[in-house]
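The values are calculated or read from the model by the stated rules, or taken from the named source; none is laboratory data. The structure displayed is predicted, hence computed values, not measured ones. Here the Cβ is made from the backbone with ideal geometry for all residues, glycine too, and neighbour counts use every protein chain on show.
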Amino acid sequence: MTERPKILVVYYSQTGQLKRIVDTVLGPLQDKATIVYEELKPVQPFVFPWKKQVFYDTMPETVLGRPRAIAPLKVNPDEHFDLVILAYQPWFLSPSQPTAAFLQSESAARLLKGKPVITLMGCRNMWLNAQERVKEYLQRAGAHLVGNIVLVDKSPNLVALITVLRWQFKGKKEATVLLPPAGVQEKDIQESVRFAAPIAKVLQDRQWDALQPQLIELGAVDLLPNLILLEDRGIRAFRYWSKFISAKGGPGAPERQGRVSMYRGLLLIGIFVLSPLAKITSVLKLALNKRKLLEEVKYYKGIHLR
Ligand SMILES: Cc1cc2nc3c(=O)[nH]c(=O)nc-3n(C[C@H](O)[C@H](O)[C@H](O)COP(=O)(O)O)c2cc1C
C-alpha cells in the first residue's frame, strides 16, 4: 500500500471565516491524506473586534512588511510534506501580519523549500497586491506556487466596505434591513468544496502544472478589471502613508497618532470617491485598451510572478 500524501495547512483566521473555508475545501480530503494544521499565533494577539484607531494604526507595518512576531511553530520545520496550503487574508492590500511573519521566518524557509504550495484566500475583494508579495516570498523560499483559490465578498465594492468595517469594529457580521451579511457569502463557502477534487487528483498524479487551469475552470479566481485599477492606486497611497506615519514612531506610538488620524479621514473619502472613479476609468480603459486590461486580468488569475 502506498503511503497517504501529507498536507501541511498553515493558516491564520481572526474571526474563523478563513478556517471555515479551509475546512470546507479540505473536507473530502480528510480520508485521502494526512493533514497537519499549523495555526499562526501572534505573540501579542490582534484583538477582535478592532478599536478603530488600532485598526488604522496597523496599516503602516502591514504595508511595509514589518509584522508583529508570531509564536514558534509546532510543526518540525524539517518534516516532509507533499503539499503546503497557505491560507491567508490580505490586510491593507498586503499579506496579513501573521502571514508575513511566517513567510519571513527561518522555519518557513525550511518548510517551503522545494515544496508545491497552494494559496487559499478569504477576503473582501482586494487581494492582488497581497498575492504578488506572497509570490515573492515563496519564490525567495524556493517554493513552487501551483494553485490559487480566492473567495471574495461578491457584494458591490462599497457595500462590502461598509459591512466589513461594521464587522471589524463592532463584531457584527449579520445582515441589517439595508445591508447583506459581511464577509464571503455563505453559499460561496459551502460551494468551495468543489476545489477538493482537483487537489486530490494532483496529489496522486503530481501533474502540478495542470492544477491552476482546472481551478480557474471551476471559478477559483473571479476578478473585476476595475479592482485592478483601484488596488494600484490604493497601494501607492498606502506606501506613501506608511512611510509618513512610521517616521514618527512604531505601532501605537502617541507621536504618530495625529498622522494616523489624518490618513484615516482621507482614506474613507478617498475610497468613496476613488471607487466610482475607478469603475468609470476601467470602462474607458476597457473600451480603449481592452487587450491590455484583459491581459492584466489573465496575469492576476495565474500563479506566475512577473
Ligand atoms: C486590518 C484588516 C485589513 C483588511 N484589509 C483588507 C484588504 O486590503 N483587502 C481585502 O480584500 N480584505 C481586507 N480585510 C478583510 C480580511 O481579508 C478578511 O476577509 C477578514 O478579516 C476575515 O478574515 P479572518 O478569516 O481572519 O477572520 C481586512 C481585514 C482586516 C482585519
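Numbers for the structure displayed
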| quantity | calculated |
| --- | --- |
| Scope region 270-304; condition over 28 Å from residue 220 (Cβ atoms) and either under 24 Å from the mean Cα position of the chain (by Cα) or surrounded by 12 or more Cβ atoms within 10 Å (Cβ to Cβ) (or both); matching residues | 270, 272, 276, 277 |
| Leading residue by the ranking (nearest to residue 83 (Cα to Cα)) among those in region 26-50 that are touching a residue at least 60 places away in the same chain (Cβ under 8 Å) and not aliphatic (A, V, I, L, M) | 32 |
| Residue that is nearest to the ligand (Cβ to nearest atom) [pool: residues in region 101-124 that are on the phi < 0 side of the Ramachandran plot and part of a loop (DSSP other than H, G, I, E, B)] | 124 |
| Any hit, region 47-64, residues being assigned to a strand (DSSP E or B) and surrounded by 18 or more Cβ atoms within 10 Å (Cβ to Cβ) | no |
| When residues of region 227-243 are limited to those that are farther than 14 Å from residue 279 by Cα and of a type in the set (A, V, I, L, M), the one modelled with the highest pLDDT | 235 |
| Residue that is surrounded by the fewest Cβ atoms within 10 Å (Cβ to Cβ), among those in region 152-162 that are part of a loop (DSSP other than H, G, I, E, B) and at pLDDT 95 or above | 154 |
| Test: residue 133 is within 21 Å of residue 19 (Cα to Cα), within 16 Å of the ligand (Cβ to nearest atom) and in contact (Cβ under 8 Å) with a residue 40 or more places away in the chain | no |
| Qualifying residue in region 158-166 (condition: touching a residue at least 24 places away in the same chain (Cβ under 8 Å), in contact with a helix residue (DSSP H, G or I) (Cβ under 6 Å, 6 or more places away or on another chain), of a type outside the set (Lys, Arg) and more than 27 Å from residue 83 (Cα to Cα)) | yes |
| Hey, residue 149 in a helix (DSSP H, G or I) and either buried (at least 17 other Cβ atoms within 10 Å of the Cβ) or in contact with a strand residue (DSSP E or B) (Cβ under 9 Å, 6 or more places away or on another chain) (or both) or not | no |
| Number of the condition not met by residue 139 [criteria: (1) more than 12 Å from the ligand (Cβ to nearest atom); (2) in a loop (DSSP other than H, G, I, E, B); (3) touching a residue at least 12 places away in the same chain (Cβ under 8 Å)] | (2) |
| Unmet criterion (only one of (1) within 30 Å of residue 256 (Cβ to Cβ); (2) not in a loop (DSSP other than H, G, I, E, B)) for residue 15 | (2) |
| Qualifying positions in region 171-189 - over 19 Å from residue 89 (Cβ atoms) and touching a residue at least 12 places away in the same chain (Cβ under 8 Å) | 179, 180 |
| Of all residues making up region 25-52, the number that are β-branched (Val, Ile, Thr), within 16 Å of the ligand (Cβ to nearest atom) and touching a Phe, Trp or Tyr at 6+ places or on another chain (Cβ under 9 Å) | 1 |
| Qualifying residue in region 200-220 (condition: β-branched (Val, Ile, Thr), in a helix (DSSP H, G or I) and modelled with pLDDT of 95 or more) | yes |
| Test: residue in region 88-100 that is more than 14 Å from the ligand (Cβ to nearest atom) and outside any strand (DSSP E or B) | no |
| Enumeration of residues in region 163-180 that are more than 9 Å from the ligand (Cβ to nearest atom), crowded, with 16+ Cβ neighbours inside 10 Å and outside any loop (DSSP other than H, G, I, E, B) | 163, 165, 166 |
| Which numbered condition residue 105 fails, given (1) without any contact (Cβ under 8 Å) to a residue 40 or more places away in the chain; (2) touching a Gly at 6+ places or on another chain (Cβ under 8 Å) | (2) |
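Each row is one residue, and each column tells you yes or no for (1) under 11 Å from the mean Cα position of the chain (by Cα); (2) hydroxyl-bearing (Ser, Thr, Tyr).
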position: 88; (1), (2): yes, yes
position: 96; (1), (2): yes, yes
position: 108; (1), (2): no, no
position: 137; (1), (2): no, yes
